[in-house]
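**Q** Structure in structure tokens, see below.
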Amino acid sequence: GAGVSQSPSNKVTEKGKDVELRCDPISGHTALYWYRQRLGQGLEFLIYFQGNSAPDKSGLPSDRFSAERTGESVSTLTIQRTQQEDSAVYLCASSSIGGGTSGSRNIQYFGAGTRLSVL
Amino acid sequence: EDQVTQSPEALRLQEGESSSLNCSYTVSGLRGLFWYRQDPGKGPEFLFTLYSAGEEKEKERLKATLTKKESFLHITAPKPEDSATYLCAVQAWAGKLIFGQGTTLQVKP
């Protein structure tokens, strides 16, 4: 597609359940990022994939959070045993190249996000 | 520690009343400073990227500038459709963006 696609757009779950959020990046983009945005807050980095390199997981808040990416395509963010504090909008972004390089290829393009509500 | 601070948190303007938004940052090894616009219920939309002090970029009523410690987003003669949250972010070596809390702009007709 023309942009970053995320699904579902909304997810309501019960505390303790596992959820999976999906991201389809822009075709050809090698770098993929996940961010979390709590209500009224700025974006908080979670994890970053660049090609075949080991992902940068430094932003994951706990071991309940994990993410996978198949090659240079779809990524899935999984939250196990969800808690109420996990309620937020989860945003995915992609760019044509990752960090360490200047230039327009560093621009991250965002999807519309998945709004997660944990009851 | 890498950090981004935006001010003010909220700004109300009358249509045509020019103003500026501030983004102060501390980062080791700046690879770029980014401005995004975010409308309610949507993902951030890219506006500008600046790479070195003294650089300026313009788009319609918006102009972004960069110094070694801060960036400004100048809004000239704003219209109601400019109402949104404006996000500033810096990128260091790790690739990730470090965002400020954003400035919510409301432009009244």
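The values are calculated or read from the model by the stated rules, or taken from the named source; none is laboratory data. This one's a predicted model, so the numbers in the text were calculated from it and none came from an experiment. Cβ sites come from the backbone with ideal geometry, for glycine too, and all protein chains shown count toward neighbours. All accessible areas refer to the heavy atoms of the entire protein, side chains included, with ligands and DNA or RNA removed. Shrake-Rupley method; radii C 1.70, N 1.55, O 1.52, S 1.80 Å.
**Q** If you add up the charges near residue A:70, with Lys and Arg at +1 and Asp and Glu at -1, over every other residue whose beta carbon is less than 15 angstrom from its beta carbon, what do you get?
**A** -2
**Q** Classify the range B:3-93 as rounded, prolate or oblate from the Cα gyration tensor: take a ≥ b ≥ c as the square roots of its eigenvalues, call it rounded if a/c is under 1.5, otherwise prolate when a/b beats b/c and oblate if not.
**A** prolate
**Q** List the GluC sites (Glu not before Pro) within the range A:1-100 that fall in a DSSP loop (any state other than H, G, I, E or B) and whose Cβ has at most 14 other Cβ atoms within 10 Å.
**A** A:14
**Q** Expressed in nm to one decimal, what extension gain is obtained for the pair residue B:19 and residue B:69 from 0.36 nm per residue of sequence separation less their Cα-Cα distance?
**A** Difference between extended and current length: 16.0 nm.
**Q** If you take each beta carbon of peptide A:33-42 and count the beta carbons of other chains within 10 angstrom, what is the mean?
**A** 4
**Q** Hey, another quick one. If Lys and Arg each add +1 and Asp and Glu each add -1, what is the summed charge of the other residues whose beta carbon sits under 11 Å from the beta carbon of residue A:52?
**A** Once all neighbours under 11 Å are counted, the net charge is 0.
**Q** If ligands, DNA and RNA are left out, what is the accessible area of residue B:15 with a 1.4 Å probe, given in Å² to the nearest 10?
**A** Roll a 1.4 Å probe over it and residue B:15 shows about 90 Å².
**Q** How much accessible area does residue A:109 have with a 1.4 Å probe, in Å² rounded to the nearest 10?
**A** Accessible area, nearest 10 Å²: 90 Å².
**Q** Looking only at the range A:23-43, which residues have a backbone nitrogen under 15 Å from a spot 7 Å from the Cα of residue B:27 in the C-beta direction?
**A** What the label zone holds, given the 15 Å backbone N cut-off, is A:43.
**Q** Next question. As a test of the definition: with a 1.4 Å probe, what buried accessible area, both sides summed, do you compute for B against A, in Å² to the nearest 100?
**A** Chains B and A together bury roughly 1700 Å² of accessible area.
**Q** Compute the Rg/Rh shape ratio of the range A:10-119: radius of gyration over Kirkwood radius, all on alpha-carbon atoms.
**A** 0.97
**Q** Could you pull out the pairs from A:11/B:59; A:11/B:108; B:59/B:96; A:17/B:42 whose alpha carbons sit more than 29 Å apart here?
**A** With Cα atoms farther than 29 Å apart: A:11/B:59; A:11/B:108.
**Q** If you don't mind, another one. Which ³J(HN,Hα) values, rounded to whole Hz and listed in residue order, are derived for the range A:108-117 from phi using the Karplus coefficients 6.51, -1.76 and 1.60 in 6.51 cos²θ - 1.76 cosθ + 1.60 with θ = phi - 60°, glycine and proline given as x?
**A** Using θ = phi - 60°, the values come out as 9, 10, 9, x, 7, x, 10, 8, 9, 10 Hz.
**Q** What is the spin-label model distance, in nm, from residue A:83 to residue A:62 if the labels are put 7 Å beyond Cα along the C-beta direction?
**A** It works out to 0.3 nm between the two label points.
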